[in-house]
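Structure record follows, encoded as structure tokens.
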Amino acid sequence: MTDFDVIVAGGGPGGSTAAGLIAADGHRVLLLEREHLPRYQIGESLLPATVHGICALLGVREEIERAGFVRKRGGMFRWGSSPEPWTFSFAASDRMAGPTSYAYQVERTRFDTILLRNARRLGADVREGHRVTGTIRTDGRIAGVRYLDETGRERVATARFVVDASGHTSRLHHAVGGAREYSAEFRNVALFGYFLGGDRLPEPDSGNILCAAFEAGWFWYIPLSASLTSVGAVVRHDAAARVQGDPETALRGLIADCPLIGKLLCDARRATEPPYDRLRVRKDYSYDRTELHSPGMVLVGDAACFIDPVFSSGVHLATYSALLAARSINSTLAGLVPEDRCFAEFDARYRREFGLFRDFLRGFYRLEADQRSYYRHAHRVTAHHGDDRTAFVDLVGGVSSSDFDAFGEVLGEGVQLQLRGLHGEAAGDEPPMFPGGLASSADGRRWQVPDA
């Protein structure tokens, strides 16, 4: 039995972010990852708020810049009633213009390894090949975990807090109480693989993601290098039979139904080197959760919630929820703010961010609409005080408006994250997001009471 301040289950972007920010604040952190990195993971397209905000707070922005990932300046959609594709650029937003007007398409084998090694550099005790099997409870509080070490021996570790960042297959999330609530609207199945030699969009958009709707659903097309492309068909629940049987035959048939993707892949061939040699199937069933935390434990990333991937929000939501959890834990351990108030702030901010993507997607899947209709819908969802197009770009870039309206303040932390990442304490004080709520400390790692 070993004692820590915090135990993190899972070494993906959410787990590495939480572990790194908590260890950097001087606490004893144990991170348990069941696999050895590098390992394969889906979710290659990032948002500017992640790259220039959270990665900067973690101290890895420059390392990611040097890694040679494909630069993503925006995206292209063949979506809605218009027969022609339409594009958006992050630079169209004042909040992302200049040095923060791009993100990256990343190979997760490399990106996740960068974040995990950084968590170790920041002081976390990172143990790969260690699988968490359950939690332990003392006096109504989660007080640690049971896990198997590399030899298969069962061990126990105790801590003041446990962070579940173990993804959608989490075995721990039930420990906080409540239940997952699956969306009846976003019940899709994804069939995806990797191709060599696919064409690129015209410059300067060659690194952008392409999302193309077709009769059975939609395709993603993500350039990961000069030659490697991630290609996936997200098929509606009522068309799920299309992905049954032989996956090679199924994917060829789906590509044939989407001429835009077929044209880009006309001279391409499937990748043959691991981990990109396999076709994979995943149920992309979106879900929320009635409870995200309980005394001693908090859920982040896909262990908490999952939303349809059309806007590449997966890594953004994982790292953002991990940042909120780290602030709450650091503030509680330091005795600055009561635990219940810290996690009320975590809950409110994360549900607001998740809700923005969910509510916008409900309108975005109305395929009879046009580009301007989608922009107007983004404006309504975010209560943005700028124009419609900027509202859309801010939302899909993770930096939605922080202005107040009749419904209260909508999420603007992505903007604060980018400012803090670029300028540190010189970015100034962040106002609370909600009346009577908490604000971030100058270093971004704790909550503070604004009046204090």
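The values are calculated or read from the model by the stated rules, or taken from the named source; none is laboratory data. Model, not experiment: these values are computed from the prediction. Reconstructed Cβ throughout: ideal geometry from the backbone, glycine too, with neighbour counts over all protein chains shown. In case anyone asks, the SASA skips ligands and DNA or RNA and just uses the protein heavy atoms, side chains included. Shrake-Rupley method; radii C 1.70, N 1.55, O 1.52, S 1.80 Å.
What shape does segment 36-120 take by its C-alpha gyration tensor, where a ≥ b ≥ c are the square roots of the eigenvalues and a/c under 1.5 counts as rounded, a/b above b/c as prolate, and the rest as oblate? Don't skip to the end; give the middle numbers.
Details: a/c = 3.08, a/b = 1.59, b/c = 1.94.
Oblate, since a/c reaches 1.5 and b/c is not below a/b.
Counting only DSSP beta bridges whose two residues both lie in the chain, roughly 75 percent are antiparallel. Once both axes come from the Cα atoms, what is the angle between helix 108-121 and the longest principal axis of the chain, in degrees from 0 to 90, rounded to 10? Tilt of helix 108-121: around 20 degrees.
Overall, the accessible surface of segment 169-287 at a probe of 1.4 angstrom is composed of carbon and sulfur to the extent of 53 percent.
Put simply, the amide H of E44, placed in the peptide plane, has no neighbours under 5 Å, leaving out anything fewer than 5 places away on its chain. Stretching the chain fully between R110 and E273 yields a gain of 57.1 nm (0.36 nm per residue, less the alpha carbon separation). Surface listing: H293, H173 arranged by accessible area from highest to lowest gives H293, H173, probe 1.4 Å.
Averaging over all projection directions, find the projected area of the Cα convex hull of segment 214-329 and quote it in nm² with one decimal place.
On the way: hull surface 38.7 nm².
Hull-based average projected area comes out at 9.7 nm².
Counting only heavy atoms of protein chains, what accessible area per residue, in Å², does segment 1-86 have with a probe of 1.4 Å?
Working: 2800 Å² over 86 residues.
Ligands and nucleic acids excluded, the figure is 33 Å² per residue.
In degrees, nearest 10, range 0 to 90: what is the angle between the Cα axis of helix 413-423 and the longest Cα principal axis of the chain? That works out to roughly 80 degrees. The H on the amide N of V126, modeled in the peptide plane, is under 5 Å from the matching H of L31, each at least 5 residues off or on a different chain.
Full-extension gain between A67 and W86, please, as 0.36 nm times their residue separation minus the C-alpha to C-alpha distance. Before the final figure, lay out each step's value.
Details: separation 19, 0.36 × 19 = 6.84 nm, distance 2.95 nm.
Gain on extension, A67 to W86, equals 3.9 nm.
Here the Karplus relation 6.51 cos²θ - 1.76 cosθ + 1.60, evaluated at θ = phi - 60°, turns the backbone of segment 204-220 into coupling constants of x, 9, 5, x, 6, 6, 10, 10, 10, 7, 9, 4, 8, x, 7, 10, 9 Hz, with x for every Gly and Pro.
Each Cα pair under 8 Å and six or more residues apart adds its separation to the average, and for the chain the resulting relative contact order is 20 percent.
Considering the options G193, C266, H173, tell which one lies farthest towards the positive end of the dipole of segment 163-267, charges being +1 on Lys and Arg and -1 on Asp and Glu at the Cβ, about the Cα centre. So the residue we want is H173. For segment 250-304, the alpha-carbon coordinates run over 55, 27, 17 Å along the three principal axes, in decreasing order.
How much area per residue is accessible in segment 274-320 when the probe is 1.4 Å and only protein heavy atoms are counted (Å²)? Please report the intermediate quantities before stating the final value.
Numbers: 1320 Å² over 47 residues.
In whole numbers, segment 274-320 has 28 Å² accessible per residue.
Around the amide H of T135, modelled in the peptide plane, lie the amide H atoms of R146, all under 5 Å away and 5 or more residues distant in sequence or on another chain.
Each residue of segment 60-67 was assigned a 3J(HN,Hα) from its phi angle through the Karplus curve 6.51 cos²θ - 1.76 cosθ + 1.60 (θ = phi - 60°); the sequence is 10, 4, 5, 5, 5, 4, 7, 6 Hz, with glycine and proline shown as x.
So how far, in whole Å, is the C-alpha centre of segment 1-75 from the one of segment 256-277? For segment 1-75 versus segment 256-277, the Cα centre distance is 30 Å.
The 3J(HN,Hα) values that the Karplus relation (6.51, -1.76, 1.60; θ = phi - 60°) gives for segment 43-48 are, in residue order, x, 8, 9, 9, 10, x Hz. Gly and Pro appear as x. Translational diffusion of the chain was estimated from the Stokes-Einstein equation, with Rh taken as the Kirkwood radius over Cα pairs; at 4 °C and 1.567 mPa s the coefficient is 58 µm²/s.
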